[in-house]
Amino acid sequence: MRFGGLAALTDVNFGIGPGELIGVIGPNGAGKTTLLNAMTGVVAPTGGKVTVGDEDFSRQPAYVFARRGIARTFQTPRVFPEMSLHDNAAFGALFAGGDLLHGGHAHRAAREALDYVGLAGEERQLAGALPPARRRLLEIAMALTTRPCLLLLDEVAAGLSPLEVEQMGELINRIRTEKNISIVWIEHAVATLMRHAERMLVLHHGELIADGATAAVRADPRVIEAYLGETA
Amino acid sequence: MKDWIKWLPLIAALAAVPWLTNAYMVSLLLTCLMYVALAVSWVMFSGPSRYLSLATTAFFGIGAYCTAWGLGHLPWPLLLLGGALAAAGTAALVGLFVLKLRGSYFAVLTFGLSELALHVINQTERSISGTVGRVLLNPPEQDAIYLAVLALALAAIACCAWLWRGPLGHALRGIGADEDRAATLGVNPLRVKLAGFALAAAFAGAVGAAMAGRWTYIDPHTVFNPLIGFQTVLIVMVGGASRIQGAVIGAVIFSLLSEFLRMRFPYFYLVLLGLLLILSVLYLPNGLIALLPRKKAAAHG
Amino acid sequence: MLRNSICIAASLLGLAASTAALADEAVRIGYAIARTGPFAGGAQVSQEPNYLLWAEQVNAKGGLMVAGKQRKVELIGYDDRSDTETVVRTYEKLMNQDKVDLVLPPWGTGQTFAVATLANKLGYPMIAPTASSKKLTDMKLPFVFTILQQPDQMMNALADMLVAQGVKTVAVVHVDDLFGLENVDALSKALASHNIGLLDKKSYPLGVKDLSPVLKAMKEKNPDAFLGITYPPDTILVSKQAREIGFNPKIFYAAVGTAFPLYKAQLTGNTEGVMGMGSWNAKTGAAAKDYFAAHIAKFQKEPDRWASAHAYASLQILQQAVEKVGLDRARIRDAIAGGEFQTILGPIKFKDGMNASIPGTVSQWQKGEFEVVWPKTRATATLVSPKPAWN
């Protein structure tokens, strides 16, 4: 993956199994968001390959990823501000969740998802009026209605209070266990992430310097040197 | 949905107008209805998607030429359908290229479309008949045109309401707010835009096919008149693009007001109209529609 | 919404009613014409000024003589924005609602077409001063007359003049609208019948901004005559660009707009020998001279040497017809169709709805005046050939 002459990601190889919760860490500019963009068709990789199941998705547009069950959130939440929470949540159900021809299903899916993330009772409110922390929850609801098998979360805990971070962790865990959705979770708050994720990926200058069980990664000298040593 | 029943008396009154008043009143209402149909067809796509289209003139002209070519060979109602299909087909074809562009690029290219259509038709006419301009020898009666345009305006309103309520309208709103985001939620943006653009074009094409019957003589410069497209966009600016009523109210008020000013102040009406437009944009940026009380958010459910 | 529209519609109605009451005694004459939009340029040079001038002159003399009684003329003129639907709607208002006594035509062939059937249906006679199309005259609408020379007349005259000058080869450039195509069609036939060689024929779209490549190619072919079937802006364009590249054939002809005072102003000192569509000037007759002076006195500018006088003449004809038969419009039509009228262009009568008295003409700029040079019966000066070099 390259931007102009600069390689944003090189030689990053990993797979995701069903039901896994994988944490991704790395300092600013390590390529975390670029990785998510490549995994969702938002930006096509200049080299390398993205496969979903047995299919090559490297050149597929974003909507094909979404329909194949890969959902994501954004570092700065991107909700539709002039639509109600309900309409935001129903969006994915209609176009990626296979409910296009059954409008009633989309409404039910939207209500359930809003309820699931803790936004019940605010369906009629406009998303633009929502405080940033709750927009993150709405984005998760929007992702859930697409009926994903893989959910990619981009710093959903940033800017939350310690209590909210804890609740977010629980929510993500519940999604994984109750809905059996694989999760890739990028976060700056390394300690939180390590408490929930059983596997960690560490990116540094666009390279994958560690991939393994959380405990092993925590003890990896390269990781400590490159990243953990400075912050943890 | 029961809403529209209360409009039935108004619709019936409008349909009876040709039998109640003189030809000028019919023709004034015809102008209102023509712009209602054009403005509603415009907001249908451009309202939610925020793609500012200046192609109304092109679609109108293409529709008008369907009547110019077909009158005398095919029944007129069929020509309205032909105009709709030709305009929708053109929109779909051209949309494949221009709908990949956003903002002012899209606006400029859609404006260029009417110039392009004008020259294509000019060339075609010259190579087929050796001349341009067609005389319509047995045009439909004014009342028939009026009723047809009334039906088209109502159909445009019904279609727009249906579209905005359904998934396509939802997708267009998503595209208007954040196109890439909508794509990550499963919307195929190009396909949705093509569908919306073509549907809107169909109405403009049918209106052009209907209006052509009024003019006896059709040539490319008459029917590809940029004024028609600009006025449509102005109407939506004045009325408001967020609700169908905005386009309808805008079209009626704009048409009547410009006619009134043109008659009352034959030399200064454009200055007055310009002033009113500037005031309305300054003080009612969301259009006249902002003055109407909004019903409780009529969302899904 | 409904209430608003009713209010405005009602005030429109009220307005119409009040003007009707005010002008009870006056003869009300309505029209729509381009004051804005692309047609305004032509309409405000050749047509509307003459309507205003005529009405002022008639009223200055006490008015129009209707059935033995002098009545003032009241003109009701609206801007048609160069928009065809607006033209149609306005004439519907004038004829159906305001019920004006008479109507005058809008500007140009297309707009005249749009109201011709309407006027014919409602029985309003109309003498079109700026409509030029075989398609229109072929419709043979009994209430519609054309007073300007039609394409085949103008082009036959042009071809005859070329023959008389010994021209063997020509190059033609033309605008690709109805006017250009009908004229070029008539011209091609006339050239063929006189065995004049057509070395090059090129069309260009309305609103063209550069014709120098076309002119350069024509210069290469060295024709005896350059013939442009052009509109005012293009007429100025081809003249300027021909001068720039030194293209100076024996005959240089550009159709519409050479007759405009604007042409002289734009070509500053380079008009000498240029030919174009024109049919009169102040030397045509005493009446023409008076008209010329009156036009300058009212508008501080000269009338153009083609359609302006035809527009004015059409009003003289209407006036004489009314003074003969009163305001019965069917009888006015018959009077126009059957009579002969004294105008600033000389006596005029109609045949098949067309001006049968004024043949096709060619005019030429000579010493700052646009002189009629062909045919001899209408000439105000002798033709100068070959064209002197551009300055």
Worksheet, complete the sentence: Distance in nm between B:Leu137 and A:Thr177 label points, each 7 Å along Cα→Cβ, equals 8.5 nm
Discussion item. Under a crude label model (7 Å from the Cα following the beta-carbon direction), how far is B:Ala92 from A:Glu164 in nanometres?
Written reply: 4.8 nm
Practice prompt. Have a look at B:Trp19, B:Trp42, B:Trp162 and tell me which one the Gaussian network model of chain B (Cα, springs below 10 Å) gives the largest fluctuation.
Written response: B:Trp19
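Which value, in Å², gives the accessible area per residue of the protein assembly as shown when a 1.4 Å probe is used on the protein heavy atoms? Could you put the intermediate results ahead of the total?
On the way: 36810 Å² over 924 residues.
Counting only protein heavy atoms, the per-residue value for the protein assembly as shown is 40 Å².
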Worksheet item: Carbon and sulfur atoms: what percent of the 1.4 Å accessible area of the range A:1-108 do they account for?
Response: 51 percent
Discussion item. Distance cut-off 21 Å, Cα to Cα: go down the list C:Lys93/C:Lys349; C:Lys134/C:Lys324; C:Lys134/C:Lys349 and report the pairs above it.
Written reply: C:Lys93/C:Lys349; C:Lys134/C:Lys324
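Percent relative contact order of the range B:2-224, based on C-alpha pairs within less than 8 angstrom and at least six residues apart? Could you put the intermediate results ahead of the total?
On the way: 318 pairs, mean separation 92.0, N = 223.
In percent, rounded to a whole number, it is 41.
Buried accessible area between C and B (1.4 Å probe, both chains summed, ligands and nucleic acids excluded), in Å² to the nearest 100? Spell out each step's value before the answer.
On the way: alone 16290 and 15550 Å², together 27750 Å².
About 4100 Å² of accessible surface is lost on pairing.
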Worksheet entry | Charge dipole (chain B, unit charges on Cβ, about Cα centre) - positive-most of B:His170, B:Pro18, B:Phe268 | B:His170
Worksheet, complete the sentence: Note: B:20-33 gets an average of partner chain Cβ contacts (10 Å, Cβ to Cβ) equal to 5
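Quick check: from the Cα gyration tensor, does the range B:2-224 come out rounded (a/c under 1.5), prolate or oblate? Don't jump to the answer; show the numbers that get you there.
Numbers: a/c = 2.47, a/b = 1.22, b/c = 2.02.
Cα axes put the range B:2-224 in the oblate bin.
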Response to the item:
In debye to the nearest 20, the charge dipole size for the range B:2-224, taken about the Cα centre with +1 at each Lys and Arg Cβ and -1 at each Asp and Glu Cβ, equals 500 debye
Worksheet entry | Whole-Hz ³J(HN,Hα) from phi, Karplus 6.51 cos²θ - 1.76 cosθ + 1.60, for the range C:228-242, glycine and proline x | x, 8, 10, 9, x, x, 6, 4, 5, 4, 5, 5, 5, 6, 4
Fill in: Label-zone membership for the range A:178-201, site A:Arg222, 7 angstrom Cα→C-beta point, backbone N under 19 Å
A:199-201
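So how do A:163-173, C:354-364 stack up, highest first, on mean other-Cβ count within 10 Å? Show your work: numbers first, answer last.
Numbers: A:163-173: 16.3, C:354-364: 21.9.
Final packing ranking: C:354-364, A:163-173.
Within the accessible area of the range B:5-64, what % is carbon and sulfur when the probe is 1.4 Å and the other protein chains stay in place?
Values: 1400 of 1810 Å².
Carbon and sulfur atoms account for 77 percent of the accessible area of the range B:5-64.
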Worksheet item: For B:Leu20 and B:Phe265 in the same chain, what is the full-extension length gain: residue separation times 0.36 nm, less their Cα-Cα distance, in nm?
Response: 85.4 nm
Response to the item:
CD proxy, 222 nm, chain B: helix-only mean residue ellipticity via -39,500 (n - 2.57) per DSSP H run with n ≥ 4, per residue, nearest 500, stands at -25500 deg cm²/dmol
Practice prompt. Using a Gaussian network model of chain B whose springs link C-alpha atoms within less than 10 Å, name the residue from B:Leu282, B:Leu150, B:Leu96 with the highest mean-square fluctuation.
Written response: B:Leu282
Discussion item. Checking the cross-link filter: which aspartates and glutamates have an alpha carbon closer than 19 Å to that of C:Lys376, excluding same-chain neighbours under 8 positions apart?
Written reply: C:Asp152, C:Asp160
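Which links in A:Lys32/A:Lys179; C:Lys168/C:Lys216; C:Lys240/C:Lys367; C:Lys140/C:Lys264; C:Lys140/C:Lys250; C:Lys189/C:Lys351 stretch past 30 Å when you go from one Cα to the other? Write down the numbers at each step before the final one.
Values: A:Lys32/A:Lys179 25 Å; C:Lys168/C:Lys216 20 Å; C:Lys240/C:Lys367 18 Å; C:Lys140/C:Lys264 37 Å; C:Lys140/C:Lys250 39 Å; C:Lys189/C:Lys351 23 Å.
Listed pairs above 30 Å: C:Lys140/C:Lys264; C:Lys140/C:Lys250.
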Worksheet entry | HN-Hα J in Hz across the range C:35-49 - Karplus 6.51, -1.76, 1.60, θ = phi - 60°, x for Gly and Pro | 9, 10, x, x, 7, 4, x, x, 4, 8, 8, 9, 10, 4, x
Worksheet item: GNM, chain B, Cα, under 10 Å: largest mean-square fluctuation among B:His119, B:His73, B:His221?
Response: B:His73
Fill in: Delta accessible area of at least 20 Å² on complex formation, residues of the range B:191-227, 1.4 Å probe, chain isolated as reference
B:Arg214, B:Trp215, B:Thr216, B:Tyr217, B:His221, B:Thr222, B:Asn225, B:Leu227
Discussion item. Roughly how large is the A-B contact in terms of buried accessible area, totalled over both chains, probe 1.4 Å, nearest 100 Å²?
Written reply: 2100 Å²
Response to the item:
B:Val108 and C:Thr377 label points (each 7 Å along its Cα→Cβ direction) are spaced in nm at 5.7 nm
Discussion item. Whole-Hz ³J(HN,Hα) for each residue in the range A:77-94, computed from phi via Karplus 6.51 cos²θ - 1.76 cosθ + 1.60 with θ = phi - 60°, x for glycine and proline: what do you get?
Written reply: x, 10, 9, 8, x, 8, 9, 5, 4, 4, 5, 4, 5, 6, 3, x, 4, 5
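If you count, for every residue in C:88-96, the Cβ atoms of partner chains within 10 Å of its Cβ, what is the mean? The partial results should precede the final answer.
On the way: counts 8, 9, 5, 3, 10, 8, 1, 3, 7.
For peptide C:88-96, the averaged partner shielding equals 6.
Order of A:38-45, B:20-27, B:269-276 by packing, highest average Cβ count within 10 Å first? Spell out each step's value before the answer.
Details: A:38-45: 19.8, B:20-27: 18.1, B:269-276: 14.9.
Ranking, from highest mean packing down: A:38-45, B:20-27, B:269-276.
The values are calculated or read from the model by the stated rules, or taken from the named source; none is laboratory data. This one's a predicted model, so the numbers in the text were calculated from it and none came from an experiment. Cβ: placed from backbone, ideal geometry, glycine included. Neighbour counts: every protein chain shown. The protein model used for the area step is the full one, side chains on, heavy atoms only, and it has no ligands, DNA or RNA in it. Shrake-Rupley method; radii C 1.70, N 1.55, O 1.52, S 1.80 Å.
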